[in-house]
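Worksheet for the structure shown next.
The values are calculated or read from the model by the stated rules, or taken from the named source; none is laboratory data. Keep in mind it's a predicted model, so treat the numbers as computed, not measured. Heads up, the Cβs are rebuilt from the backbone with ideal geometry, glycines too, and the neighbour counts pull from every protein chain shown.
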Amino acid sequence: MKAHWKYSAVSLSALLALAGCAGRHPVETHLPAVQEQQRAVAPISADKTLNKELDVLTRAILRESPETATSLGLSEEQAGGRFNNRLSDYSASGLNRAAEIARTAVAALKAIPTGELSHQDGVSQRVVTTALGYSIEGTNFGYGTYGNGAVQPYVVTQLGGAFTAVPDFLDSQHQINSVQSAADYLDRLKEFARVLDQETSRIETDAAGGVIPPDFVIDGALKQLRDFAAKKPQDTVLVSSFVRRAKEVTGLDHAGMNDQALVITRDMVLPAYRRQIAALEAIRPRAVHDAGVWRLPNGDALYRAALKAWNTTDLTPDEIHALGLKLIDQLTIEMDAILDARGLTKGSVAERIQKLSEDKSQIYPNTDAGKQLLLSDLNRQVQAIEARMPEVFGVSPKAKLEVKRVPPYIEAGAPGGYYQSAALDGSRPGAYYINLRDTAEWPKFTLPTLTYHEGVPGHHWQGSVQQESTGLPFIRSAILWFSGYGEGWALYSEQLADEVGVYKNDPLGRLGYLQSMTFRAARLVVDTGLHSKRWSREKAIDYMVSVTGDQRSSVATEVERYSVWPGQATAYMVGRETINRLRAKAQAALGDKFDLRSFHDTLLTNGSVPLSVLDSIVDKWIEERKAA
């Protein structure tokens, strides 16, 4: 997504499940069996009506996005039918169908009298209708990926598309532990060819309407597509993953099924890759270098809609830009003091951080052994911070966390780090992925903060507590996710680690934390600069390097991400600032009655919500604390 973003579905739930909060939660909560979906003849309460409509919506989402059902570890009965042998419909009609599901659900939910709902169900009504509203608004633009939350302008980019998402999904989330699951894998492998062609068709349709990604975006996607298509079928992860895992399954015709995987990849999947390559090559001569969406049809409106959906606020591009500049000034002063104390006084803050980042003592060897050492150090950091969590939380998750390397076959275009949720049934732990294409991109002093963001108390902690909260309807505990809240919490988690004193004897680690905050503040400036103020890719890179001190190659990857994912990068700091504002509000209102552990538990056990709804949740908590 978030990013801890690593999901393959393009139906309604693809964005609704961006961070994929998963744990060990009883999935029967508000999920009656399919045959029980018939509406009762006798009048029922508003709360029961709401839960019934949420059940109907949840099943529609799972039906449209079988990948989500697999990721959550649901049974066929829980998901309402067979799903492990299918992939989503990536066609334009599939997107439109997802949008229609959203429209139908909003109409049904809004028909329920809000005044007759309990407080918690009233929150659920607001949360779900808000999420669906963003999906519906995205249909106004008619290109890219819409009907599933914030509209994304391009179908295939260097950052995403089925060509990266599906192989990763099949390798890391589709379990092969029986004869049936092995057969399902082969069915999904056939489906993958269909999915690639559906996206290729949308690429061509959008290009005919003047929607073509920037030249550097197409070039990045083409490189990854060509690299994959050039492999021998048996050397692709599609075949090697199957062969490796299927050999552990008893009663399987290993030779026959291995051969099927190879033939499907050779005769169906790789030709579909080549057709997608040809489609991108055909539009490449028409691509321009401008990075912002302002140049697209109705591009300014698309950007405003994207900001609203990602942030769940009404902040304007100018307001977000100004906030970023203000925060950078504040953070630069703090970083300067730490550098001065270490005798690093010459040059700008960014130049001094760059020099420190290049120090050999801060760099892991860019070898397999060096990368394994880096992963081992991250696991130790996770264990150390977990031991401190009872100081600031009353609740804790049951789901375990493992630190993993981003698969090498997607690391060229993948984010620096992201989180992938655990399965509901506990069959797969949560995973914090780090991109190790070049260890020089990860100076040692920067790594603790990434651990706190992606792992504990960030995405893994928040997502797992949400998944395990028994008081939420299933759609809220396991499916819905909002970047303003989720990424805001992860950034707040970096701050929280600092507040509990993890950097007391580690000034360079605290410098890494402040640099991370500066990086997120710079995103506010750069994202709005690209899409609202019409900055070039190069201006955005120059600016970000000048204030963060990060490696230019790493910053270039980031800026290219913002180019294809407008608005998403602003959610982190907007969310953190909102949580801090609400915390200060509660402290002022409660005085000695303010309890930080209870405040955190309230935010987490209510699950991911729009920031506008978070205000009302905290207000309710303040009232309850006052009464107590």
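Would you check which residues across region 137-155 are assigned to a loop (DSSP other than H, G, I, E, B) and within 15 Å of the chain's Cα centre (by Cα) and list them? Within region 137-155, Asn148, Gly149, Ala150, Val151 meet the criteria. Inspect region 192-200 for any residue being polar (S, T, N, Q), in contact with a helix residue (DSSP H, G or I) (Cβ under 6 Å, 6 or more places away or on another chain), farther than 23 Å from Leu222 by Cα and crowded, with 21+ Cβ neighbours inside 10 Å and give the result as yes or no. No, region 192-200 contains no residue that is polar (S, T, N, Q), in contact with a helix residue (DSSP H, G or I) (Cβ under 6 Å, 6 or more places away or on another chain), farther than 23 Å from Leu222 by Cα and crowded, with 21+ Cβ neighbours inside 10 Å. For the residues Gln224, Gln158, Gln173, the requirement of being crowded, with 17+ Cβ neighbours inside 10 Å, under 25 Å from the mean Cα position of the chain (by Cα), closer than 28 Å to Glu76 by Cβ and among the polar types (S, T, N, Q) singles out Gln173. Taking the criterion of being part of a helix (DSSP H, G or I) and under 13 Å from the mean Cα position of the chain (by Cα), the residues of region 463-488 that qualify are Gly463, Ile479, Ser483, Gly484, Tyr485, Gly486, Glu487, Gly488.
Given the condition of a type outside the set (Lys, Arg) and not in a helix (DSSP H, G or I), answer yes or no: does some residue in region 120-136 qualify?
no
Of the set (1) surrounded by fewer than 21 Cβ atoms within 10 Å (Cβ to Cβ); (2) farther than 19 Å from Trp535 by Cβ, all apply to Val288 but (2). Yes or no: Asp329 outside any loop (DSSP other than H, G, I, E, B) and on the phi < 0 side of the Ramachandran plot? Judged against the criteria, Asp329 is a match. What pairs come up if the first residue lies in region 498-527 and is in the same structural domain as Leu339 (by TED's automatic domain parsing) and closer than 22 Å to Glu386 by Cα, the second is among the polar types (S, T, N, Q) and surrounded by fewer than 24 Cβ atoms within 10 Å (Cβ to Cβ), and their beta carbons are under 6 Å apart, counting only those six or more places apart or on different chains? Note: pairs meeting the criteria are Gly512/Thr446. Just one of the listed residues (Leu436, Leu514, Leu480) is buried (at least 20 other Cβ atoms within 10 Å of the Cβ), aliphatic (A, V, I, L, M) and under 19 Å from Leu401 (Cα atoms), namely Leu436.
Where residues in region 545-569 are of a type in the set (A, V, I, L, M) and within 22 Å of the chain's Cα centre (by Cα), which of them is surrounded by the most Cβ atoms within 10 Å (Cβ to Cβ)? It comes out as Val559.
Residues in region 138-147 that are in contact with a Phe, Trp or Tyr (Cβ under 9 Å, 6 or more places away or on another chain), modelled with pLDDT under 95 and of a type outside the set (Gly, Ala, Ser): Thr139, Asn140, Thr145. Being surrounded by 13 or more Cβ atoms within 10 Å (Cβ to Cβ) and touching an Asp or Glu at 6+ places or on another chain (Cβ under 9 Å): is that true of Ala301 here? Against the criterion (surrounded by 13 or more Cβ atoms within 10 Å (Cβ to Cβ) and touching an Asp or Glu at 6+ places or on another chain (Cβ under 9 Å)), Ala301 does not qualify.
Quickly run through region 557-585 and pick out the residues that are closer than 28 Å to Asp215 by Cα and among the acidic types (Asp, Glu).
Keep residues of region 557-585 that are closer than 28 Å to Asp215 by Cα, which gives 557-572.
Selection gives Glu558, Glu560.
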